[in-house]
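Okay, structure first, notes after.
The values are calculated or read from the model by the stated rules, or taken from the named source; none is laboratory data. For clarity, every value in this text was computed on a predicted model and none was experimentally measured. No Cβ is skipped: glycine too gets one built from the backbone with ideal geometry, and neighbour counts run over all protein chains shown. What goes into the accessible areas is simple: the full protein's heavy atoms, side chains included, and nothing from ligands, DNA or RNA. Shrake-Rupley method; radii C 1.70, N 1.55, O 1.52, S 1.80 Å.
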Amino acid sequence: QVQLVESGGGLVQPGGSLRLSCAASGIAFSILNMEWYRQVSGKERELVARITSGGSTDYADSVKGRFTISRVNAKNMVYLQMNSLKPEDTAVYYCKIENWNNYWGKGTLVTVSS
């Protein structure tokens, strides 16, 4: 059974940092590309970052230079380090397996506010 469990969200002030974690199970994690999405209420989910099985990364322009995606294959974990957070980063963040569009975790809420 495929499971994706996100954690690490919370309330942070503008300019602050958070590290999100995603625990994956039921999949051959090491050979799959992983993604982080985010969604603001009433809007479509937005791809934030992607990491390939080999460790190559891509980022949305809105987070480039501030967010870092990483993975530890031995632990079936993918992370999103978020620095210099802005109020517009407020959203529910989800991890996802690339091209596996039917599998979503419950997400973790990030709120950036003073």
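How big is the Cα convex hull of the chain in projection, averaged over all directions, in nm²? Write out the running numbers ahead of the final one.
Details: hull surface 26.3 nm².
Mean orientational projected area (the chain, Cα hull): 6.6 nm².
Quote the charge dipole size of the range 48-114 about the Cα centre in Debye, to the nearest 20; the model charges only the Cβ of Lys and Arg (+1) and of Asp and Glu (-1).
On the way: 8 positive and 5 negative charges, 40 e Å.
Approximately 200 debye in magnitude.
Quick one: which residues, 5 or more positions from V48 or on another chain, have an amide H under 5 Å from its amide H? H modelled 1.01 Å from N in the peptide plane, none for Pro or chain starts.
W36, Y37, R38
Please give the net charge around R45, taking every other residue with its beta carbon less than 11 angstrom from that of R45, where Lys and Arg add +1 and Asp and Glu add -1.
0
Determine, from the Cβ-Cβ distance of S114 and K75 and an R0 of 41 Å, the FRET efficiency 1/(1 + (r/R0)^6), rounded to the nearest 0.05.
According to the calculation, E is roughly 0.75.
Step through the residues of the range 6-18 one at a time and calculate ³J(HN,Hα) from phi using the Karplus curve (6.51 cos²θ - 1.76 cosθ + 1.60, θ = phi - 60°), rounding each to whole Hz and writing x for Gly and Pro.
My calculation for the range 6-18 gives 8, 7, x, x, x, 9, 9, 7, x, x, x, 10, 9 Hz in order.
If I compute solvent accessible area with a 1.4 Å probe over the protein chains, what percent of it on the range 13-114 is carbon and sulfur?
45
What residues qualify as long-range amide H neighbours of G105, i.e. H under 5 Å apart, gap of 5 or more or another chain, H built at 1.01 Å from N?
Answer set, sorted by chain and number: C95.
Quick one: which residues, 5+ away or cross-chain, put their amide H under 5 Å from the amide H of T90? H built at 1.01 Å from N.
Correct list: V112.
Rounding to the nearest 20 debye, state how big the charge dipole of the chain is about its Cα centre with +1 on each Lys and Arg Cβ and -1 on each Asp and Glu Cβ.
Details: 12 positive and 9 negative charges, 41 e Å.
Rounded to the nearest 20 debye, it is 200 debye.
T111: net charge of surrounding residues, Cβ under 13 Å, Lys/Arg +1, Asp/Glu -1, itself excluded?
Net charge in that neighbourhood comes out at 0.
With a probe of 1.4 Å, find how much accessible area the chain has per residue, and write the answer as a whole number in Å².
In whole numbers, the chain has 53 Å² accessible per residue.
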